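Worksheet: the structure to be examined is printed underneath.
The values are calculated or read from the model by the stated rules, or taken from the named source; none is laboratory data. Keep in mind it's a predicted model, so treat the numbers as computed, not measured. When we count neighbours, we look across all protein chains shown, and the Cβ atoms used for this are built from the backbone with ideal geometry, even at glycine. Accessible surface areas use protein heavy atoms only, side chains included; no ligands, DNA or RNA. Shrake-Rupley method; radii C 1.70, N 1.55, O 1.52, S 1.80 Å.
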Amino acid sequence: MDYGKLFSRAWDIIWKNKFLILLGVLIALSGGGSNGGNPSQFTFRGDEADWQNFPGFDFEYGNPFQNLDIPFIAIGGIVVLVLVLMVIGLLLWALGTISKGGLIGAVNEIEQGNPSSFSDAFQAGLQKGWRLIGIGLVPAIPGVVLFVLAVSSVFMFGGIDVITQGGMQTFAGMSAFLPLIVLSCILVPVMLILSLLSVFANRACVLEDLDVIGSYRRGFEVLGDNLGPAALLFLLQIAISFGLGIMMIVPGILIALCCLLWPVFLLIEGGFAAYYSTLWTLAWNEWTGMAPAEIEEEKATSEK
């Protein structure tokens with residue numbers, strides 16, 4: 001694989017078809033075009049904390065979790081607000097997922113020499129919307145399982161009484177949560193692997209018209225056959241993102257301080273999302289033999 005031509009071809013497609021950036025913006029709004037992290041972490045050994053004598057919530061003025069003087073209407077308002085935000089978040093996620101499919105289809109059409117537009121691309125993604133949403137939900141399954149088990153464990157070993165009466169001292173026997181910790185060490189890597197596979201599954205769904213299970217099966221097959229090139233492309237993407245991140249430190253601070261510049265930041269995020277998606281779609285076409293005839297001819301000539 002000629003990575004130089006791959007990167008330059010992706011840039012050429014984005015530059016000549018700027019509506020792809022709008023699709024990237026929708027992906028960025030859904031959180032699909034950015035990476036998150038927690039740079040501020042603090043860890044300590046278990047023997048550094050005296051769990052047996054860990055203070056509860058017995059403060060001088062009483063337990064703040066008892067005799068709460070909060071109107072029920074305020075609690076109801078908070079619950080409604082949380083539900084509304086969750087619904088908006090789910091809608092944005094679904095919109096971004098459909099846009100991913102539209103972006104993949106549009107790049108493939110452009111690469112094949114066919115015209116495309118924002119409406120055509122979004123319509124193509126919408127036609128496979130339910131399958132794309134299903135593909136996007138699969139990596140979340142291990143996280144949901146962990147969340148349910150964690151909540152169940154808390155209620156099993158003390159429940160609300162842990163907060164309202166006993167404080168953290170009820171958790172003196174932290175070994176009770178050891179199975180959950182071990183399960184986390186298994187399910188978290190599974191979730192990461194499924195997230196990586198979803199990149200391939202999305203393209204199998206859009207470009208080969210497969211269902212959710214078939215898309216993951218096909219994505220696993222293509223990844224297995226091209227593991228080395230895919231890993232190298234992933235590392236190159238990380239290196240580019242790291243370099244651009246350093247270059248954007250000062251502009252990013254200025255954008256964060258001025259809310260009027262936030263749309264600019266969103267456009268930048270959308271551009272990155274569209275570019276990286278285009279890279280993987282072009283790579284998929286080359287790995288599966290769906291690339292245009294002239295590209296296949298160049299590849300065959302270089303191999304000779």
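The selection criterion, being of a type in the set (Phe, Trp, Tyr), open to solvent by less than 50 Å² (accessible area, probe 1.4 Å), touching a Leu at 6+ places or on another chain (Cβ under 7 Å) and modelled with pLDDT of 85 or more, does not hold for Tyr276. Of the helices (runs of 4 or more DSSP H) contained entirely in segment 71-159, those carrying at least 1 residues that are charged (D, E, K, R) and touching a residue at least 12 places away in the same chain (Cβ under 8 Å) fall at 72-111, 118-127, 129-137.
For the condition under 25 Å from Leu23 (Cβ atoms), without any contact (Cβ under 8 Å) to a residue 12 or more places away in the chain and surrounded by 13 or more Cβ atoms within 10 Å (Cβ to Cβ), Leu267 does not qualify. Any idea how many residues of segment 202-252 are modelled with pLDDT of 90 or more, over 19 Å from Leu192 (Cα atoms) and not in a helix (DSSP H, G or I)? The total comes to 3. Candidates Asn35, Asn67, Asn53: the one that is modelled with pLDDT under 90, at positive phi and open to solvent by 70 Å² or more (accessible area, probe 1.4 Å) is Asn67. Of all the listed residues (Leu194, Leu236), the sole one being in contact (Cβ under 8 Å) with a residue 24 or more places away in the chain and surrounded by 15 or more Cβ atoms within 10 Å (Cβ to Cβ) is Leu194.
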